[in-house]
């Protein structure tokens, strides 16, 4: 069976050492991380991780996500297929100007993607590409054939979910409400 | 100190050292005179402290507390932390740490505790400021005991120990990223009840979750109404009394024949507070393939981890079992229940009788355990080490009261038994605490006899001495062509050792002397060391060979009698 790309979205408290804790689960379950991005989320003090992996075993991915979510400081972890999310990725290329000058098709390849030049001089051209992982990888392979790449880096994928439901906000709200109810019941019982 | 008091801590197992000295200085006042709030038990090695805290927690249900120093001090507790994690035991380890200013400089006795402890504990936190102490301590105890219990480690740099601030009490009973007890979902409950109501051959697999949830009565009511026989895991042995008519024995590699084989005939299996350990399931490719599986557990990560579940109920069994009881029909599965008997009889005649009532030859572990069980009438607390001693002790002890088995299940930690029994005596004042040890496990922690001496812990130590690391020897015998690589072991003279520690000692070699010796041990006021001289090469049977299907459980060596 072919390997499928899964994108795992994790929301955690912003506490010391949490990245270690999350990545240790991948290590233990022998899952290779393709890309990893961590940044503050739209919820105060909550960080969001976008992790992509290839796997041919959805049960294993489920297990992985459950074990991540089990960590006390992790709020929510879920996995998605490409059809369920919007993704984007940034790549930076530093390519050799003389080679580009000698092969005009390189320029066409770059212009074909969502890209812009950052700097051009007689030695190199730096290019910023914002696209899907797939297109960036294809561009890299195409450019590599010309042996023009001096430096190359990718940001790792970031993703937001499709759909009208905001799972994390809903989870936090529901959990907090349940706690308030619980505390009120406690107070009422004490009074009784 | 005030934060620990607020958590109801009374007993602390610990060992002082450089980085925790300010805490110990405060402890000086809080363990005597007007301010006295705690008893501090000075163990002889930090591993002893954590296992004692585990034993304390397992028998009482309260959180065990450990205080140790940084570096080697806390490193010595880590085996126990990992053990408490896999066996869901609530403990809090408070460890000294070098000051924040020198963290990361390879300072004396510095250990990167956060990174080391993270994967083996439920939560680890570094308290860098004194004003965080009340909050962090309260959160530590809340996390250790709530939900699926586990170990929590507090890394306490020295500067935060000596800085001063006003004590502002703090109570944590809510963590927004953590759901302690998920509510049972109605549809899952209904589906589970429908499966159980349609079952002809239902079987329950009961684990320690029932004990941790304090749901022993709820379990009984549920099983009795739906008339479901129940096998228990090793850690769940006292979740259902041994003499309950629906108890059909112990699951697992060396458990009883009937529940191991009959689970492969059951049409509906309900697993309650257990995690389908590989020691229970054997080869997963052949396990429970015929059955609909209902899994009730508080930990969502256990669902579908090893065994694919048809209905999952993620909830506290104390809450979920009564709801399920209300939904299931009163049933009578007499024919199914009766079908366990022939297997029980086969095991009784071919294994048990020979193990507990041998007619000749040297003493056997089974008969020693049985003699203690006869004398305590199943009202004692059984503590075990790991190995053959554990398997015989768990098989042949009886459990008539909850929380009466303390053993290292998941991690299989040799050296666990003696300190765990010490800890248990601080929580259990009524029932006798009997620990069954092999000569290997005893010698891993023999220094804790000093703790017993100093605090007069009434531990009943039953050493089953066969001059071998018995379980490894058994495997070498069965699977490594009897090549006994480093499993034979020379033993010291325990009479002299006990004399040195001032512990009453008796040695038994003749089975006719055994019952009276056990009586003397139980009647003695304090600690007692009963050395039983055991046949060197006895095997614990039945056995499901490693990697084999539970269908292939063997009653005798070298023959498949399943």
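The values are calculated or read from the model by the stated rules, or taken from the named source; none is laboratory data. Here the structure is a predicted model, which means the values were calculated and not measured. Heads up, the Cβs are rebuilt from the backbone with ideal geometry, glycines too, and the neighbour counts pull from every protein chain shown.
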Would you mind listing the strands (runs of 3 or more DSSP E) fully within the stretch B:50-131 where at least 3 residues are buried (at least 23 other Cβ atoms within 10 Å of the Cβ) and more than 14 Å from chain A (Cβ to nearest Cβ)?
-> B:64-68, B:91-97
From the list A:62, A:66, which one is free of Cβ contacts under 8 Å to residues at least 24 places away in the same chain, within 13 Å of chain B (Cβ to nearest Cβ), under 19 Å from residue B:123 (Cβ atoms) and assigned to a helix (DSSP H, G or I)?
-> A:66
Report yes if some residue within the stretch B:307-320 is under 24 Å from the mean Cα position of the chain (by Cα) and free of Cβ contacts under 8 Å to residues at least 60 places away in the same chain; otherwise report no.
-> yes
Report yes if some residue within the stretch A:158-170 is within 14 Å of chain B (Cβ to nearest Cβ), buried (at least 16 other Cβ atoms within 10 Å of the Cβ) and under 30 Å from residue B:183 (Cα atoms); otherwise report no.
-> yes
Of all residues in the stretch B:49-64, how many are touching a helix residue (DSSP H, G or I) at 6+ places or on another chain (Cβ under 6 Å) and more than 17 Å from residue B:433 (Cα to Cα)?
-> 3
If you go through the stretch B:296-315 one residue at a time, how many are away from chain A (no Cβ under 13 Å) and crowded, with 17+ Cβ neighbours inside 10 Å?
-> 4
Can you tell me which residue among A:31, A:51 is over 17 Å from residue A:71 (Cα atoms), buried (at least 18 other Cβ atoms within 10 Å of the Cβ), away from chain B (no Cβ under 11 Å) and touching a strand residue (DSSP E or B) at 6+ places or on another chain (Cβ under 7 Å)?
-> A:31
Inspect all residues belonging to the stretch B:248-262 and state whether any of them is touching a strand residue (DSSP E or B) at 6+ places or on another chain (Cβ under 8 Å) and under 26 Å from residue A:69 (Cα atoms).
-> no
Run residue B:520 past the list (1) under 20 Å from residue B:358 (Cα atoms); (2) in contact with a strand residue (DSSP E or B) (Cβ under 9 Å, 6 or more places away or on another chain) and report the number of the one that doesn't hold.
-> (1)
Which ones in the stretch B:293-323 are in contact with a strand residue (DSSP E or B) (Cβ under 8 Å, 6 or more places away or on another chain), within 20 Å of residue B:222 (Cα to Cα) and assigned to a helix (DSSP H, G or I)?
-> B:317, B:320, B:321
Only one of B:11, B:65 is at pLDDT 95 or above and within 16 Å of residue B:140 (Cβ to Cβ), namely B:65
Among the helices (runs of 4 or more DSSP H) contained in the stretch B:158-264, which hold 1 or more residues that are under 28 Å from the mean Cα position of the chain (by Cα) and under 17 Å from residue B:397 (Cα atoms)?
-> B:257-262
Would a scan of the stretch B:149-159 turn up a residue that is within 25 Å of residue A:173 (Cβ to Cβ) and either within 14 Å of chain A (Cβ to nearest Cβ) or surrounded by 23 or more Cβ atoms within 10 Å (Cβ to Cβ) (or both)?
-> no
